[in-house]
Amino acid sequence: MTRILYELHGRDQYRFSPYCWRTIMALHHKGLEFERIPMKLTDRACIAPSGQDRVPVLVDDKTWINDSWAIACYLEETYGDAPSLFGGAAGQRLAEFVNRWADHTDHGALRAIAVPDAWRHIDPDDREWFRQSREKMFGRPLETLRAERDGALPAFRDALEPARAVLAAQPYLSGKAPAYADYILLGTFMWPRCSSPYPLLDADDPVHHWRGRMLTLFDAAAANAPGYDV
Ligand SMILES: N[C@@H](CCC(=O)N[C@@H](CS)C(=O)NCC(=O)O)C(=O)O
């Protein structure tokens, strides 16, 4: 039995894909072993059998699954005896809401802050592709975007307000113990952590304390990833 996770390649092992981190944490939560194989944005042939061109892609023996949410649902169904990612059907539906919420709200607010430094950490072969696609997306040079990030930070911090209110009252979004909703938000933070020294949170922010707890999980899998301790 082999289990392979295709993920985004970065230079010097900086792997900052927020979606891939969701899957990495879900696999650890389930106690499953896996091999991580990095993919360059300019050479996606390795994931062609998945029928699409984005990572994460999980190959579980002979089963190919893409999309971090689909992978989480697959793991929950296939490894039902391992610790639950959702805590039941209602929890799964709520986690799907968190997934969409994070993609739309938190990622939306973070994108302009995180992308310029991510460019510095992408594989050198992918840099030109990354710059062109992201400058097209934002309609301005990455350097301009980077110069604007102090102005973009309050909107990101504000987008975290629902999480902040919950985390002021309980240790994890999922309650007393972490589960998939927490891995969704951790993925959001692994993106800047693995690519940027720019500090996003105040030290007394409940989200900051939560992130510190999350980094220690599973033998500090996230804390030990090459990145910046901010
Ligand atoms: N909804 C997908 C999004 C996957 C995604 O966009 N992955 C990024 C890496 S972080 C990617 O493959 N980007 C390739 C591109 O921008 O063309 C998921 O949750 O897995």
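Nothing in this text is a laboratory measurement; each read-out follows from the coordinates by a stated rule. It should be emphasised that the depicted structure is a prediction, and the values quoted were computed from it without experimental measurement. Glycine gets a Cβ as well: all are built from the backbone with ideal geometry, and neighbour counts include every protein chain shown.
Testing the spin-label approximation: label points 7 Å from Cα along Cα→Cβ at His104 and Ile37. State their distance in nm.
So the two model labels end up 3.5 nm from each other.
Counting other Cβ atoms within 10 Å of each Cβ, which GluC sites (Glu not before Pro) in the range 132-216 have at most 16 and sit in a DSSP loop?
Qualifying residues, ordered by number: Glu148.
Take the alpha carbon gyration tensor of the range 45-86, find the square roots of its eigenvalues, order them as a ≥ b ≥ c, and report rounded if a/c is under 1.5; if not, report prolate when a/b exceeds b/c, else oblate.
Prolate is the answer for the range 45-86, as a/c is 1.5 or above and a/b outweighs b/c.
Give me the extension gain from Arg140 to Ala70: residue separation times 0.36 nm, minus the current Cα-Cα distance, reported in nm with one decimal. Intermediate values should be presented prior to the final figure.
On the way: separation 70, 0.36 × 70 = 25.20 nm, distance 3.33 nm.
Value of the extension gain: 21.9 nm.
Cα centroid distance between the range 86-110 and the range 168-199, in Å?
That distance is 12 Å.
Among 209-218, 177-186, how do they line up from the highest to the lowest mean number of other beta-carbon atoms within 10 Å?
177-186, 209-218
Can you bin the range 60-166 into rounded, prolate or oblate? Criterion: square roots of the alpha carbon gyration tensor eigenvalues sorted a ≥ b ≥ c, rounded for a/c under 1.5, prolate for a/b above b/c, oblate for the rest.
Numbers: a/c = 3.41, a/b = 1.54, b/c = 2.22.
It is oblate, given that a/c is not under 1.5 and a/b is not larger than b/c.
Just grab the label-to-label distance for Asn224 and Arg157, each label 7 Å out from Cα along the Cβ direction, in nm (one decimal).
3.4 nm
Among Val207, Phe156, Gly175, which residue has its Cα furthest toward the positive end of the charge dipole of the range 89-220, with +1 on Lys/Arg Cβ and -1 on Asp/Glu Cβ?
Value: Gly175.
Semi-axes of the equivalent ellipsoid of the chain: what are they in whole Å, largest first, if each equals the square root of 5 times a C-alpha gyration tensor eigenvalue?
On the way: eigenvalues 134, 114, 44 Å².
They are 26, 24, 15 Å, listed largest first.
Rounded, prolate or oblate for the range 123-210? Axes are the square roots of the Cα gyration tensor eigenvalues, ordered a ≥ b ≥ c, and the cut-off for rounded is a/c under 1.5.
prolate
Hey, what number do you get for the chain at 222 nm if only DSSP H runs of n ≥ 4 count, each worth -39500 (n - 2.57), divided across all residues, to the nearest 500?
-15500 deg cm²/dmol
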